[in-house]
Amino acid sequence: MGNAALDDVGDYLLATDHIHVSWRTDDHYLYGEFFLKDLRTCLAGNYIPYVDPRLPQEEQLVMEELKTLEEAPGSGRLTALRVPPYAESREMWFYDTNHRRLELLDLDFKAYLETLLVTKGIPGWQYLFTGTDMGHREFNAIVRQLRISLESLADMFPGHDYSDLHARLEARL
């Protein structure tokens, strides 16, 4: 992303190199976390320093072009920008080492940040913007947490409409 590309996201740039937010309810039932890098910090940083050999070859090649934008430390999940050498890309990718998944997100940078703030970093929210079939048993815990979290967030923040996120979850089951 050149300087012209940064112009259209100027309102989304941070006044610091990163923001780390971690929260939970008193009963630990509801929680979220994110470590978000400023876009300029992300682009100036290094590529992800490893490739997951459990992924198909074409996804391993994509991983070589990823720079971490956001993650929940210790979760095994991160979101990255695809930054191929000598080319411009605006693709956002979600990597979940726990489920051996590298998924293209149906979000651009601005929509990603807006959704991150709305979801407050609840675990696995990024799956709502992939083509992943979450009806498989391996996703039971994430689906259960997403349902609980989306219901609770809707109660806690009645000024925001979470129906689109609920619909996205149901569409993936």
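What to note about this one:
- Meets criteria (closer than 20 Å to ASP161 by Cα, open to solvent by 60 Å² or more (accessible area, probe 1.4 Å), of a type in the set (A, V, I, L, M, F, W, C) and not in a loop (DSSP other than H, G, I, E, B)) for LEU117: yes
- Residue within segment 123-144 that is farther than 17 Å from GLY76 by Cα, part of a loop (DSSP other than H, G, I, E, B), modelled with pLDDT of 95 or more and of a type in the set (Gly, Ala, Ser) present: yes
- Test: residue in segment 87-94 that is modelled with pLDDT under 95, open to solvent by less than 40 Å² (accessible area, probe 1.4 Å) and not hydroxyl-bearing (Ser, Thr, Tyr): no
- Complete set of residues in segment 53-76 that are under 23 Å from HIS18 (Cα atoms), touching a residue at least 24 places away in the same chain (Cβ under 8 Å) and either under 15 Å from the mean Cα position of the chain (by Cα) or outside any loop (DSSP other than H, G, I, E, B) (or both): MET63, LEU66, LYS67, THR68, LEU69, GLU70, GLU71, ALA72, PRO73, SER75
- Filtering segment 102-114 to residues that are buried (at least 18 other Cβ atoms within 10 Å of the Cβ) and out of contact with any helix residue (DSSP H, G or I) (no Cβ under 6 Å at 6 or more places or on another chain) leaves GLU103, PHE109, TYR112.
- Filter pass, THR79 being open to solvent by less than 20 Å² (accessible area, probe 1.4 Å), among the polar types (S, T, N, Q) and assigned to a loop (DSSP other than H, G, I, E, B): no
- All positions within segment 45-76 that are surrounded by 17 or more Cβ atoms within 10 Å (Cβ to Cβ) and of a type in the set (Lys, Arg): LYS67
- All positions within segment 128-153 that are small (Gly, Ala, Ser) and in contact with a helix residue (DSSP H, G or I) (Cβ under 8 Å, 6 or more places away or on another chain): SER149
- Subset of segment 125-173 [open to solvent by 50 Å² or more (accessible area, probe 1.4 Å), among the small types (Gly, Ala, Ser) and within 15 Å of TYR31 (Cβ to Cβ)]: ALA141
The values are calculated or read from the model by the stated rules, or taken from the named source; none is laboratory data. The structure displayed is predicted, hence computed values, not measured ones. Virtual Cβ from ideal backbone geometry, glycine too; neighbours counted across all protein chains shown. These area figures cover heavy atoms from the full protein model, side chains too; ligands, DNA and RNA do not enter into them. Shrake-Rupley method; radii C 1.70, N 1.55, O 1.52, S 1.80 Å.
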